[in-house]
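Please treat every number below as a calculation from the coordinates, not as lab data. This is a predicted model, so every value here is computed, not measured. As a convention, Cβ positions derive from the backbone with ideal geometry for all residues, glycine included, and neighbour counts pool all protein chains shown.
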Amino acid sequence: MTYCVGLLLNEGMVLLSDTRTNAGLDNISTYRKMFTFEEPDERVIVILTAGSLSVSQTTIARLREAIDDPDGNADTSIMKAPTLLKVADIVGNMLSLVRSEIDQKLSAMQGASASMIVAGQRRGGAMRLFLIYPEGNYIEATEDAPFLQIGEHKYGKPILDRVVKPTTSLVDAQKAVLLSMDSTLRSNLSVGMPLDLAVIERDTCRVTSRRRIEAGDEAFRAMSKAWSKALREGFGQITI
């Protein structure tokens, strides 16, 4: 399994994913689940994936193939699509097609599925954040719901519900997603390090900051300890 989260804020977008893939307790692997597509100053698209590795990797591979296709057009290439809504359509259609094809090959077994978060901005357009379901349909982040999650999201949702608003700064947003991931790491063995963190500042049309956080990262460990201490102290101050 996995955990990925994306935030849509007034100042920009913050995206975080883990890298663990499980095929049983004795078969744990690390695969990147954050994929970036950029044309500097023109558009940036970041895709996070969760679910079947075969479905998600095949979908990403075909999206890349469509980008490289000399005959690619606004209906097939996410780098030529006129809007981020069209990007979501292309990704959703490709995800649905790949899932259907793999399901047919695995008809004697349980079906395979994956979901994705698509974030980005094109020059002159608004920042947009979508959650793409396995069937290819999607929902979009709004001012009332400024974050989207896929994978093992229930453990990391409470802090986001309490803290994240459109006005949240990019610095605080990074703190929020990392603490959300920390809660998930502590509660679910199917989510694991390293982590990939990306920040897209509004109207830059590029990833302005990216970071790979390894298991021994001292800053992440210190933040985790400080959060645990703050929770214990807060709990001790509550009376009933």
Would you please classify the overall shape of the stretch 37-127 from the alpha carbon gyration tensor, given that a ≥ b ≥ c denote the square roots of the eigenvalues, rounded means a/c under 1.5, and beyond that prolate means a/b larger than b/c while oblate covers the rest?
prolate
Say each of Ser187 and Phe235 gets a label point 7 Å from the Cα, pointing the same way as Cα to Cβ; how far apart are those two points in nm?
1.3 nm
FRET efficiency estimate (nearest 0.05) - Cβ-Cβ, Trp227 to Leu97, R0 41 angstrom
0.50
Long-range amide H partners of Leu129 with built H, under 5 Å:
Ala141
Pulled fully out, how much extra length does the chain show between Arg211 and Asp75, if you take 0.36 nm times their separation in residues and subtract their Cα-Cα distance?
45.7 nm
Please find, in a Gaussian network model of the chain (springs between Cα atoms separated by less than 10 Å), the residue of Ala219, Ala119, Ala145 whose mean-square fluctuation is greatest.
Ala219
With label points built 7 Å along Cα→Cβ from the Cα atoms of Thr204 and Glu42, find their separation and express it in nm.
2.0 nm
HN-Hα couplings for the stretch 5-11 via Karplus (6.51, -1.76, 1.60; θ = phi - 60°), in whole Hz with x for Gly/Pro, come out as 9, x, 10, 10, 10, 4, 8
I need the phi-derived Karplus couplings for the stretch 30-46: 6.51 cos²θ - 1.76 cosθ + 1.60, θ = phi - 60°, integer Hz, Gly and Pro marked x.
10, 9, 5, 10, 10, 10, 10, 10, 9, 10, x, 6, 10, 6, 9, 9, 10
Under a Gaussian network model of the chain whose springs join Cα atoms within less than 10 Å, the largest fluctuation of Arg43, Arg162, Arg206 belongs to Arg162
Quote the relative contact order of the chain in percent (integer), defining contacts as alpha-carbon pairs under 8 Å separated by 6+ residues.
27 percent
The set of residues whose placed amide H lies less than 5 Å from the amide H of Ala114, leaving out same-chain residues fewer than 5 positions away, is Ser52
Sum -39500 (n - 2.57) across every DSSP H segment of at least 4 residues in the chain, then divide by the residue count to get the 222 nm mean residue ellipticity, nearest 500.
-11500 deg cm²/dmol
Could you go through the stretch 94-101 in sequence order and give the Karplus-derived ³J(HN,Hα) for each residue, using 6.51 cos²θ - 1.76 cosθ + 1.60 with θ = phi - 60°, rounded to whole Hz, and x for Gly and Pro?
5, 4, 5, 5, 5, 4, 5, 5
Quote the convex hull volume per residue of the stretch 3-235, based on C-alpha atoms, as a whole number of Å³.
127 Å³
Scan the chain and report its longest stretch carrying no GluC sites (Glu not before Pro) that are both in a DSSP loop and have at most 11 other Cβ atoms within 10 Å.
1-142
